[in-house]
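Engineer: This is the structure, below, for whatever I ask next.
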Amino acid sequence: MVTVSDYCRERFGEKAYRLSLDGGFTCPNRDGTVDTHGCIFCSAGGSGDFAAQRRTDIAEQLEEAKKRVRPKYSGHSFIAYFQAFTNTYTPADRLRELFFEAIKAEDIVCISIATRPDCLGDEVLALLAEINAIKPVWVELGLQTANDTTAEYIRRGYRTEVYDSAVKKLNAIGVHVVTHIILYLPGEARADMLLRPCAMP
Ligand code: SF4
């Protein structure tokens, strides 16, 4: 089995450490565009509770995060991880500023962007493709479950086919997809987690 650490060692020459960032976003599942309540497991910080303070700029957040991980990591490869809320839910011009700021430093070897599959419009995809030509881009999608009944229960706010479509588009521009899932959500059995064709390009 290849782990993410194995992958990073092969790709970046050493283990890479994620630095969690807060780009000051909100989420359509919280601001009323899709819903106002959010996913039932989401925290007040938009599931980005390890991210740095949103009041500081991205360069500052990265430096603070590096200082925090120094006691446990002596390497020089970091992943800028936009973690809190929905990190493509703002106009592409603003995303451009934030993402280009994040990849500026030489020791940032990759940028990882957590978002919803219903927040990947054409302009955002074009921007991700542009950045991916400079440094690797990962997009982290909060699928949680492929069962639409469970998805309604957890108030995910989009159908699974939206995830499938987003994965195809991201694969088409060469961006790696990381999928977040939660196993054994209420009412789910092993079969719910296995009996689904994978989203393939
Ligand atoms: S999509 Fe993410 S940020 Fe939005 S409510 Fe769900 S977990 Fe929270």
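Engineer: Take the stretch 166-182 and flag every residue that is of a type in the set (S, T, N, Q) and surrounded by 15 or more Cβ atoms within 10 Å (Cβ to Cβ).
Structural biologist: Thr179
Engineer: Has the stretch 20-29 got any residue that is closer than 19 Å to Cys110 by Cα and away from the ligand (no atom under 16 Å from the Cβ)?
Structural biologist: The answer is no, given that none of the residues of the stretch 20-29 is closer than 19 Å to Cys110 by Cα and away from the ligand (no atom under 16 Å from the Cβ).
Engineer: Collect the residues in the stretch 99-124 that are over 16 Å from Val175 (Cα atoms) and in contact with a helix residue (DSSP H, G or I) (Cβ under 6 Å, 6 or more places away or on another chain), keeping them in residue-number order.
Structural biologist: Answer for the stretch 99-124, where residues must be over 16 Å from Val175 (Cα atoms) and in contact with a helix residue (DSSP H, G or I) (Cβ under 6 Å, 6 or more places away or on another chain): Glu101, Ala102, Asp118.
Engineer: Six or more apart or on different chains, Cβ under 6 Å: which pairs go from a residue in the stretch 145-158 that's in contact (Cβ under 8 Å) with a residue 24 or more places away in the chain to one that's away from the ligand (no atom under 13 Å from the Cβ)? Could you list them?
Structural biologist: Taking only residues 6 or more apart or on different chains, the pairs are Thr145/Leu185; Ala146/Thr160; Ala146/Arg196; Asn147/Asp192; Thr150/Leu185; Thr150/Glu188.
We did not get these values from a lab; they are worked out from the coordinates using the rules stated. Just so it is clear, the structure is predicted and the values come from calculations on it, not from any experiment. Using ideal geometry, Cβ is built from the backbone for each residue, glycine included, and neighbour counts are taken over all protein chains shown.
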